[in-house]
1. So, in the range 131-168, exactly how many residues are under 26 Å from LYS43 (Cα atoms) and small (Gly, Ala, Ser)?
2. Given the conditions (1) within 18 Å of LEU46 (Cα to Cα); (2) at pLDDT below 70, report the number of the one that SER118 does not fulfil.
3. Whether any residue in the range 39-47 is of a type outside the set (Val, Ile, Thr), assigned to a strand (DSSP E or B), open to solvent by less than 40 Å² (accessible area, probe 1.4 Å) and at pLDDT 70 or above is what I want to check.
4. Which residue pairs have Cβ atoms closer than 9 Å, lie 6 or more positions apart in sequence or on different chains, and pair a first residue in the range 60-77 that is in contact (Cβ under 8 Å) with a residue 40 or more places away in the chain and farther than 21 Å from GLY139 by Cα with a second residue that is among the basic types (Lys, Arg) and assigned to a helix (DSSP H, G or I)?
5. Restricting to the range 67-112, name every residue that is in contact with a Ser or Thr (Cβ under 8 Å, 6 or more places away or on another chain), modelled with pLDDT of 75 or more, surrounded by 16 or more Cβ atoms within 10 Å (Cβ to Cβ) and in a helix (DSSP H, G or I).
6. Which members of the range 113-168 meet the condition of being surrounded by 13 or more Cβ atoms within 10 Å (Cβ to Cβ), among the small types (Gly, Ala, Ser) and in contact (Cβ under 8 Å) with a residue 24 or more places away in the chain?
7. Could you check the range 130-166 and list, in sequence order, the residues that are assigned to a loop (DSSP other than H, G, I, E, B) and modelled with pLDDT of 90 or more?
8. Identify, by number, the condition in (1) in contact with a helix residue (DSSP H, G or I) (Cβ under 7 Å, 6 or more places away or on another chain); (2) at pLDDT 70 or above; (3) open to solvent by less than 50 Å² (accessible area, probe 1.4 Å) that GLU50 doesn't meet.
Amino acid sequence: NKINTEILNMGTKIEGGLVVILNDDSGMISKDDINDNRESAKKSNLLIMEPGSSRDIKSMLIKAFEISKEYKMPILFRVTARVGCSSGIVICDEPNISKSHQIEMSTKDKIEVCKNISECDDFNKIEYNDKKIGFICSGICTFYTKEVLGETVSYLDLKVINPLPGEK
């Protein structure tokens, strides 16, 4: 299940938000074969978001559509089998329907926007506990690591996994 590059290259043709949801099973949890789109997704030079919980899915999906609509580019939204089958309390808000402007940009400019979002957005968070030992995690692995190690180490919790933040 490789990502269709024609779908990803249609970024300048979209008028609304386009979020491509990738349902990966990288650990063969729910079927017999590995399904991991991370490498082919990185080659797309698009923003890739990876939620770690049901609550993350809701907030990040809204943000993904906002970014896609504003910058006229598709966003890849990677949901792993563990997160997709999880449950949690999610508070639904009233829909906020507003008109926004779209920005015409070259592919190079879109890559730069993706880098800025990865670097500056609230999704990639650092949690300082121990200045000597730290873990870089994404998705549900963050929750697993925190469950085992607790507050004995520091964390960089990546919700935007492509492009990776350079400054954090």
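1. As a first pass, look at the range 131-168 and keep what is under 26 Å from LYS43 (Cα atoms): 135-142, 156-168.
From what's left, small (Gly, Ala, Ser): 138-139, 166.
Result for the range 131-168: 3.
2. (2)
3. Of the range 39-47, the ones of a type outside the set (Val, Ile, Thr) are 39-47.
Subsequent filtering for residues that are assigned to a strand (DSSP E or B) retains none.
No, the conditions are met nowhere in the range 39-47.
4. Listed pairs, sorted by first residue: TYR71/LYS110; LYS72/LYS13; LYS72/LYS110; MET73/LYS110.
5. LYS69
6. Those that are surrounded by 13 or more Cβ atoms within 10 Å (Cβ to Cβ), among the small types (Gly, Ala, Ser) and in contact (Cβ under 8 Å) with a residue 24 or more places away in the chain: SER118, SER138, GLY139, SER154.
7. LYS132, ILE133, VAL153, listed by residue number.
8. Going through the list (1) in contact with a helix residue (DSSP H, G or I) (Cβ under 7 Å, 6 or more places away or on another chain); (2) at pLDDT 70 or above; (3) open to solvent by less than 50 Å² (accessible area, probe 1.4 Å), GLU50 breaks only (1).
The values are calculated or read from the model by the stated rules, or taken from the named source; none is laboratory data. Here the structure is a predicted model, which means the values were calculated and not measured. For neighbour counting, all protein chains shown are included, and Cβ atoms are generated from backbone atoms with ideal geometry for every residue, glycine included. Side chains included, ligands, DNA and RNA excluded: accessible areas come from the protein's heavy atoms. Shrake-Rupley method; radii C 1.70, N 1.55, O 1.52, S 1.80 Å.
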